[in-house]
Amino acid sequence: MFLKTKSMRKKAHRLTFLRAAALMILVASTAAKTWAQNYFDENGGYFGPTEESPQYGGAYYTGNYTSPFKTYLGKTDAEIQAKLDELWNHYFKGGYNQVIYYESGRGEAYIKDTGNNDVRSEGISYGMMICVQTNHKEEFDRLWNWAKAHMWTKYGEWDGYFAWQNSTAGVMKDRNNCPDAEMYFMMALLFAANRWHDARYMQDAQYILSRCWKNGSGSLFNEAYYIITFQPYNACTFSDPSYDLPAYVDLFSRWTDTNKDKWKNATTATRTHLYKSSHRTSGLFSDYNNFDGTPHSESYNRNAVKYMYDAVRCAMNFGMDYYLFGVDAERQQVMAKRIIDFFEADGYSHARFNWDGSGPSESYTLGQVGSNAVACYALMSTPGYEDIIRKNLRMAWDARLMTGQYRYYDGLVHYLSMLHLCGAFKIWKPEKEIPTRYQSQYHSIITGIKSPATFSDSRAWYTLDGVRLKGKPTSKGVYINNGRKVVIN
């Protein structure tokens with residue numbers, strides 16, 4: 001039909017616009033409903049928004065974990081899940097030249113540093129984080145059993161800490177700890193307790209949290225500066241900025257049963273230390289540094305003042321904090337611009353530098369590919385970076401997974417980065433943080449009963465059919481008490 005008059009054409013345009021607007025509203029409404037239904041996993045693990053109005057734009061407040069692979073590269077949910085499956089099957093179930101996860105009997109397993117043929121606390125803790133985020137409870141338990149049996153100390157000055165280096169047979173090679181492992185152990189255990197509703201994980205996490213502050217020598221964080229130490233006894237006067245995990249420290253301050261004020265102070269100090277550690281021009285970080293952010297030299301590591309191996313993780317750490325919380329967004333945007341601009345100028349060619357960016361050497365690594373892509377989260381609201389963000393995401397997506405002797409470190413850093421980029425790294429929250437409007441849905445999932453409102457007395461016992469009992473049952477079976485399924489043996 002040909003519209004002859006200007007008036008008719010205007011009416012047609014208005015109609016088209018109104019239809020488009022209505023469709024957008026419908027899609028948005030449907031998306032909102034679908035999103036609300038997906039704040040829980042199949043077992044009632046909750047990763048949705050907070051009860052209060054969002055103070056910042058991070059996923060902790062909003063429950064939004066949309067993958068930038070979807071928004072920037074157009075990847076589908078099926079493609080993203082296939083990528084996650086590829087990573088899991090490669091590093092945990094793959095062939096001898098791929099796998100880093102090894103089961104050792106007795107319900108135990110370890111992550112092997114294939115380059116040094118030993119087991120590091122760092123690797124076990126990273127493996128546990130991967131397992132809880134990908135819902136592999138059996139492998140999580142095996143790794144935790146190994147760490148408890150061979151690394152964890154629960155007495156003396158090292159109480160609560162983990163030996164950083166063991167043989168694959170479990171023999172302790174070095175009693176000292178590596179503090180980023182404690183950070184990942186605690187965070188993984190808290191997430192596991194919340195996602196899988198297992199109080200044992202919570203008890204273990206709280207034990208470690210309570211031992212991080214010793215009111216004197218041996219604290220994981222320097223008690224004068226509230227910044228994590230390189231090592232709490234023998235190297236407590238300086239730090240390693242790649243141990244700065246502000247998102248983790250923020251969650252510790254919310255969920256710990258002890259030393260809340262100290263963890264709150266550490267949250268602020270950690271964000272500031274990470275920012276000060278970023279070189280003002282290059283955006284690079286040194287492997288070791290002082291509490292003021294300047295590089296720190298040690299006789300046993302001549303490269304400690306350079307951007308080498310540990311420092312690669314810093315970009316992932318602030319990128320993670322940006323999208324999970326957004327509390328320090330302005331400074332993290334500055335850090336992201338510095339480091340991404342630097343590697344753009346370098347052509348993503350080199351891996352090692354002096355702190356100021358001079359003296360390039362070695363080739364750009366898989367760990368850097370992943371970590372720097374996570375840093376791009378902090379650029380997603382900055383005009384002019386769209387193509388650069390897309391480039392970094394495409395490099396992370398297309399990267400060939402590590403094989404060979406040195407697959408351990410860069411493979412793990414890239415894997416953790418991919419969890420963040422795939423929207424698969426979530427803050428699994430305790431029941432007390434589930435908003436009132438989602439409580440009914442939560443109890444429906446964990447009890448398998450659609451009308452939890454019928455259980456009016458949380459202290460009473462009920463059958464799965466909703467029949468109230470006179471007291472605690474004595475017969476074996478599954479019952480409801482305090483809104484949860486309880487097995488009576």
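Values computed for the structure shown
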| item | result |
| --- | --- |
| Any hit, the stretch 88-101, residues being in contact with a Lys or Arg (Cβ under 9 Å, 6 or more places away or on another chain), free of Cβ contacts under 8 Å to residues at least 60 places away in the same chain, not in a helix (DSSP H, G or I) and not polar (S, T, N, Q) | yes |
| Single match in Ser239, Ser217 (criterion: surrounded by fewer than 17 Cβ atoms within 10 Å (Cβ to Cβ) and of a type in the set (Ser, Thr, Tyr)) | Ser217 |
| Set Glu122, Glu79: member being surrounded by 14 or more Cβ atoms within 10 Å (Cβ to Cβ), under 24 Å from Cys212 (Cβ atoms) and not hydroxyl-bearing (Ser, Thr, Tyr) | Glu122 |
| Residues located in the stretch 214-238, provided they are β-branched (Val, Ile, Thr), in a loop (DSSP other than H, G, I, E, B) and in contact with an Asp or Glu (Cβ under 9 Å, 6 or more places away or on another chain) | Thr229 |
| Residues that are open to solvent by less than 20 Å² (accessible area, probe 1.4 Å) and of a type in the set (Phe, Trp, Tyr), drawn from the stretch 99-118 | Tyr101 |
| Residue within the stretch 108-122 that is modelled with pLDDT under 95, farther than 23 Å from Tyr233 by Cβ and in contact with a helix residue (DSSP H, G or I) (Cβ under 9 Å, 6 or more places away or on another chain) present | no |
| The stretch 196-213: number of residues that are open to solvent by 50 Å² or more (accessible area, probe 1.4 Å) and in a loop (DSSP other than H, G, I, E, B) | 1 |
| All positions within the stretch 217-228 that are at pLDDT 95 or above and more than 16 Å from Thr272 (Cβ to Cβ) | Gly218, Ser219, Leu220, Glu223 |
| Among the residues listed as Gln441, Gln368, Gln405, the single one being of a type outside the set (Asp, Glu), farther than 30 Å from Tyr479 by Cα and in contact with a strand residue (DSSP E or B) (Cβ under 8 Å, 6 or more places away or on another chain) | Gln368 |
| Identity of the residue in the stretch 417-438, part of a helix (DSSP H, G or I) and either buried (at least 24 other Cβ atoms within 10 Å of the Cβ) or free of Cβ contacts under 8 Å to residues at least 40 places away in the same chain (or both), that ends up farthest from the chain's Cα centre (by Cα) | Arg437 |
| Residues of the stretch 327-366 classified as open to solvent by less than 30 Å² (accessible area, probe 1.4 Å), small (Gly, Ala, Ser), within 17 Å of Tyr309 (Cα to Cα) and not in a strand (DSSP E or B), total | 1 |
| Residue check for Gly105: of a type outside the set (Ser, Thr, Tyr) and modelled with pLDDT of 95 or more | no |
| Boolean, Tyr96 is over 21 Å from the mean Cα position of the chain (by Cα) and surrounded by 14 or more Cβ atoms within 10 Å (Cβ to Cβ) | no |
| Test: residue in the stretch 37-55 that is open to solvent by less than 10 Å² (accessible area, probe 1.4 Å), part of a helix (DSSP H, G or I) and not aromatic (Phe, Trp, Tyr) | no |
| Exclusive hit being out of contact with any Gly (no Cβ under 6 Å at 6 or more places or on another chain), at pLDDT below 95 and not charged (D, E, K, R), set Asn259, Asn303, Asn290, Asn234 | Asn234 |
| Options Asp387, Asp410: the member that is assigned to a helix (DSSP H, G or I), open to solvent by less than 40 Å² (accessible area, probe 1.4 Å) and of a type in the set (Asp, Glu) | Asp410 |
| Matching residues in the stretch 168-192 - criterion: being touching a residue at least 12 places away in the same chain (Cβ under 8 Å), over 28 Å from Pro430 (Cα atoms) and either open to solvent by less than 30 Å² (accessible area, probe 1.4 Å) or not in a loop (DSSP other than H, G, I, E, B) (or both) | Gly170, Met172, Lys173, Asn177 |
| Matching option when the condition is more than 29 Å from Asn43 (Cβ to Cβ), of a type in the set (A, V, I, L, M) and outside any loop (DSSP other than H, G, I, E, B), among Val369, Val374 | Val369 |
| Of all residues making up the stretch 62-71, the number that are surrounded by fewer than 19 Cβ atoms within 10 Å (Cβ to Cβ) and part of a helix (DSSP H, G or I) | 3 |
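The values are calculated or read from the model by the stated rules, or taken from the named source; none is laboratory data. Only a predicted model underlies this, so the values are computations on that prediction, with no experimental measurement involved. Here Cβ is always computed from backbone atoms with ideal geometry, including for glycine, and neighbour counts include all displayed protein chains. Ligands, DNA and RNA are stripped out before the accessible areas are found, and what is left, the full protein with its side chains, is counted by its heavy atoms. Shrake-Rupley method; radii C 1.70, N 1.55, O 1.52, S 1.80 Å.
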